[in-house]
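To keep things clear, I will list the structure first and then write my remarks on it.
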Amino acid sequence: MSEISIILIEDHDLTRMGLKAALQSQSGLKVIGEAANATQGLKLLETAKPDVAVVDIGLPDMDGIELTRKFKRQQAETGQATKILILTMDHTEDAVLAAFAAGADSYYMKETSISRLTEAIQATFTGNSWIDPAIANVVLRKMRQGLPTDTQASDKPKTVKIEALASEYEQVLETYPLTQRELEILELIVAGCSNGQIAEKLYITVGTVKTHVRNILNKLCADDRTQAAVRALRSGLVG
């Protein structure tokens, strides 16, 4: 298997150097470029064409959310395959929802371990979205409150439109809709609960939970729980 090429867009020199050293030490990963601000980062994305870009949310000239939005617009025109992994310490609702709406592929909290970052990069590269439970909970709380239907374009949007499921997933759900119990379990998956925790909360066996989870993954055409959670959030299934 070829190495996953990565660029780092992070303004703090020590953090960037530490990330580079840590990622370079991991088998199968290769850092091919670095940028200290968004302007440099956008140019590097265009020239280096990495598999994954790790983007800090707090860049000095333009935040990582706006960088992601601009790149995704370019990507729609060029067809470039680069995935964006947002790196942040910001748990605030506005920042989380804005990052989600900008089109980032994964969302990673800085305080998590480097081994988990490696796992997040690998998952992102293979087309799965990595989303921290803390971030999933923020989005889920917002959805419970009721999301606005329209999102106005701005430098720092305060509202978010969750992307709909792709047509093929909608067709599957029309044919095999989720049951009420499956929706309850899906909501707990999004909240970060394990099978054991779900079983305890719903007063059912772990084996029954596993059966429901398997059915949920099949109906959402998801490879794993993380991908199912992201699709549930984007489609509003767990509102």
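Rule-based calculations on the coordinates, nothing more; no lab input. Keep in mind it's a predicted model, so treat the numbers as computed, not measured. Cβ coordinates were reconstructed from backbone atoms using ideal geometry, including for glycine residues, and neighbour counts include every protein chain displayed.
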Using 0.36 nm times the number of residues separating Lys30 and Glu46, minus their current alpha carbon distance, what extension gain do you get? 4.0 nm
Going highest first, how would you order 109-117, 226-234 by mean Cβ packing within 10 Å? 226-234, 109-117
What nm value, rounded to one decimal, do you get for the distance between Gln197 and Arg116 when each label is placed 7 Å out toward the C-beta? 1.2
Hey, how many Å between the Cα centroid of the stretch 101-130 and the Cα centroid of the stretch 1-76? 13
How much length is gained on full extension from Lys210 to Glu3, taking 0.36 nm per residue of separation minus their Cα-Cα distance? 71.1 nm
Using the Kirkwood radius over C-alpha pairs as Rh, can you work out the diffusion coefficient of the stretch 173-239 via Stokes-Einstein at 10 °C, viscosity 1.306 mPa s, in µm² per second? 136
So between Lys70 and Thr15, what do we pick up on full extension, going 0.36 nm a residue minus the alpha carbon distance? 17.4 nm
Which of Lys72/Lys219; Lys43/Lys70; Lys20/Lys83; Lys110/Lys219; Lys30/Lys110 exceed 22 Å between C-alpha atoms? The answer is Lys72/Lys219; Lys110/Lys219
Place the peptides 31-37, 191-197 in order of packing, highest mean first, counting for every residue the other Cβ atoms within 10 Å and averaging per peptide. 31-37, 191-197
Rounded, prolate or oblate, given the Cα gyration tensor of the stretch 1-137, with a/c below 1.5 counting as rounded? rounded
Assuming R0 = 35 Å, what is the FRET efficiency of Asn218 and Glu77, from their Cβ-Cβ distance, to the nearest 0.05? 0.50
Run the dipole for the stretch 2-131 about the Cα centre, Lys and Arg Cβ at +1, Asp and Glu Cβ at -1, nothing else charged, and hand back the magnitude in debye, nearest 20. 400
